[in-house]
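Chemist: Handing you a structure now.
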Amino acid sequence: MTEENFTCKRDNLTIRGLLYCPEDFDKSKKFPLAIVSHGFMGHYSDTQDYAKNFAKMGFVSIAYDFNGGGPNSVSDGDTKEMSLLTEKEDLKAVIKRACEFDFVDTDNINLIGCSMGGFVSALVARELQEKIKRLILFYPAFCIPDDARSGKMISALFDPKNIPQTLEIGKMVIGSKYVKDVINLDAFEEIRDYKGQILILHGNEDEIVPYNYSERAYQAYFNNRGNKPSKNLQLVMIDKANHGFWGPQSNDWNKYAFFAIEKFLQGKELLLNVDVNICDCKKSQEDNKSVTKLYFKGKVQSPYFEGQIIEPAYDKQLHKGEQLISACARYKVEGKDYTGKKASFEITNQLSGSGKNTDWNLDWKPSIKTDSLALKDFNSKTCQTYAEMRPQGPVVHIWG
């Protein structure tokens, strides 16, 4: 990919960042656009890897700094004059400038936002309804208005009825405008009218923006779309992930996040989350092969279905020496589909690869059979799994 400087103006302030073009870039062609917005106190370097990933997927992508958006911002502006609403205007200015490039497909504009940048992106998507094709949100900070009303914004404590002129949060000083612009805002009412494609990614151990804020956002969008699950509205939970997906498991969390994004862009959807807990292991010999049976229990969840794995359920693996010959998990789950009716699934998850080069997140080929009339289309879907590994057993995500 190629990298070049990006600038534009909002009022008399200059916004700065980087523009990435895909490997097959040709100025005579049109490319989809991905604009990546950073979080509170952030910098475009926080989102560079995300922008690069979108460039690898064929997008022209932009990572930029909000005006006054952080203590190390390369854009203009005073942090004391920054707020959710000024950042909304910054993003609109970036979109306007990007759409002036002849190589940008203005019918395929995608907003990607992290934390506060996610909230900003959601506001702009709703306002520019006809322009924005997709909205992809990483751990969006829809908690900001509630935090303002509670008088606690990250490390800053204050009286919400007597807002001070400035607040110090880490190395950054913000002004009363930041609080005043959001204190009466209903986050979910403001965003829910957006009708484009939405993917929300959030860790269930996020201590800065609790996961339930993304659940509430999903529900707000869902209620405004006829109360029926759809591949155009998806919430993906990243198991054990914290805010920003930082830490020892950062690579795993981001790997699954971009797997989910690729499937979303392909028109696939997350059908079922299977939370597996291994409870027993039995080994034997069969025709000069070693046989391992991993018995498991657990629950299945998704917007489409909730239920329990019916025991006994096990994964049977055959090895010849060090080489894996085959593996297959067959199990049944029972519960209720999204219409509230009783439903069951028979799931067969067969490993199609073998040997040391097996990719456990590409070679598992699940098939689904269900008696749910509402979910009868599941029976004909070509599915793929992604497993988030844990000591007690994986969380298996089935996409189709």
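Chemist: Counting Lys and Arg as +1 and Asp and Glu as -1, each charge on the Cβ, what is the dipole of the chain about the Cα centre in debye, to the nearest 20? Please report the intermediate quantities before stating the final value.
Modeler: Details: 52 positive and 54 negative charges, 232 e Å.
Around 1120 debye, computed over the chain.
Chemist: Roughly how many debye, to the nearest 20, is the charge dipole of segment 135-289 about its Cα centre, given +1 on each Lys and Arg Cβ, -1 on each Asp and Glu Cβ, and no other charges? Let's see the in-between values first.
Modeler: Details: 19 positive and 21 negative charges, 65 e Å.
Taking the Cα centre of segment 135-289 as origin, the dipole is about 320 debye.
Chemist: The chain: longest stretch without exposed GluC sites (Glu not before Pro) (DSSP loop, at most 15 other Cβ within 10 Å), sites themselves excluded? Mind showing how you got there, number by number?
Modeler: Numbers: sites that count: E23, E100, E130, E205, E207, E322.
The longest such stretch corresponds to 208-321.
Chemist: Please work out the Cα center distance from segment 1-75 to segment 237-260, rounded to the nearest Å.
Modeler: That distance is 22 Å.
Chemist: Shifting gears a bit: Between K320 and R216, what is the label-to-label distance in nm when each label sits 7 Å out along the Cα-to-Cβ direction?
Modeler: According to this spin-label approximation, the distance is 5.8 nm.
Chemist: May I pose another question? Projected onto the charge dipole of the chain (+1 at Lys/Arg Cβ, -1 at Asp/Glu Cβ, origin at the Cα centre), which of S344, Y178, G400 gives the Cα projection farthest towards the positive end?
Modeler: S344
Chemist: How large is the charge dipole for segment 87-151, taken about the Cα centre, if only the Cβ atoms of Lys, Arg (+1) and Asp, Glu (-1) carry charge, to the nearest 20 debye? Before the final figure, lay out the partial values.
Modeler: On the way: 9 positive and 11 negative charges, 24 e Å.
Computed charge dipole of segment 87-151: roughly 120 debye.
Chemist: Along the charge dipole of segment 200-306, which of G267, M237, L201 sits closest to the positive end, that is, farthest toward it, with unit charges on the beta carbon of Lys, Arg, Asp and Glu (+1, +1, -1, -1)?
Modeler: Among G267, M237, L201, the one farthest towards the positive end of the dipole of segment 200-306 is G267.
Chemist: Stretch E189-S230 to full length: gain in nm at 0.36 nm per residue minus the Cα-Cα span? Don't skip to the end; give the middle numbers.
Modeler: On the way: separation 41, 0.36 × 41 = 14.76 nm, distance 2.04 nm.
Result for the pair: 12.7 nm of gain on full extension.
Chemist: For labels at N204 and K255 in the simple 7 Å Cα→Cβ model, what's the distance in nm?
Modeler: About 2.0 nm separates the two model spin labels.
Chemist: How large is the helix-only mean residue ellipticity at 222 nm for the chain, computed as the sum of -39500 (n - 2.57) over DSSP H runs with n ≥ 4, divided by its residue count, in deg cm²/dmol to the nearest 500? Could the numbers behind the result be given before it?
Modeler: Working: 8 runs with 85 residues, N = 400.
Roughly -6500 deg cm²/dmol at 222 nm, from the helical runs in the chain.
Chemist: Additional query: Once you list every other residue whose beta carbon is under 15 Å from the beta carbon of P22, what net charge do they have if Lys and Arg are +1 and Asp and Glu are -1? Intermediate results must be reported in sequence, preceding the final value.
Modeler: Numbers: positive: K27, K29, K30, K52, K56; negative: E3, E4, E23, D24, D26, D105, E262.
With Lys, Arg at +1 and Asp, Glu at -1, the net is -2.
Chemist: Roughly speaking, what is the stretch gain from E130 to E311, that is 0.36 nm per residue apart minus the C-alpha to C-alpha distance, in nm to one decimal? It would help to have the intermediate numbers written out before the result.
Modeler: Working: separation 181, 0.36 × 181 = 65.16 nm, distance 4.93 nm.
Gain in length upon complete extension: 60.2 nm.
Chemist: For the charge dipole of the chain, defined by +1 on Lys and Arg C-beta atoms and -1 on Asp and Glu C-beta atoms about the Cα centroid, which residue among I154, M389, T292 has the Cα displaced farthest towards the positive pole?
Modeler: Of I154, M389, T292, it is T292.
Chemist: Highest GNM mean-square fluctuation, the chain, Cα pairs closer than 10 Å: which of F245, F31, F259?
Modeler: Looking only at F245, F31, F259, the largest GNM fluctuation is found for F259.
Chemist: Hey, another quick one. Of the residues A387, A51, A374, which exhibits the maximal mean-square fluctuation in a Gaussian network model of the chain defined by a 10 Å Cα contact cut-off?
Modeler: A374
Chemist: With the chain treated as a Gaussian network of Cα nodes joined by springs under 10 Å, which of G58, G340, G70 yields the largest mean-square fluctuation?
Modeler: Judging by the Gaussian network model, the answer is G340.
Chemist: With Cβ to Cβ distances under 11 Å as the rule, what net charge do the other residues near K342 carry (K, R +1; D, E -1)?
Modeler: Details: positive: K336, K341; negative: E334, D337, D371.
Around K342, the charge tally is -1.
Read-outs throughout are calculated quantities, based only on the coordinates presented, and are distinct from any laboratory measurement. The model shown is predicted, which means the values in this text are computed figures rather than measured ones. Reconstructed Cβ throughout: ideal geometry from the backbone, glycine too, with neighbour counts over all protein chains shown.
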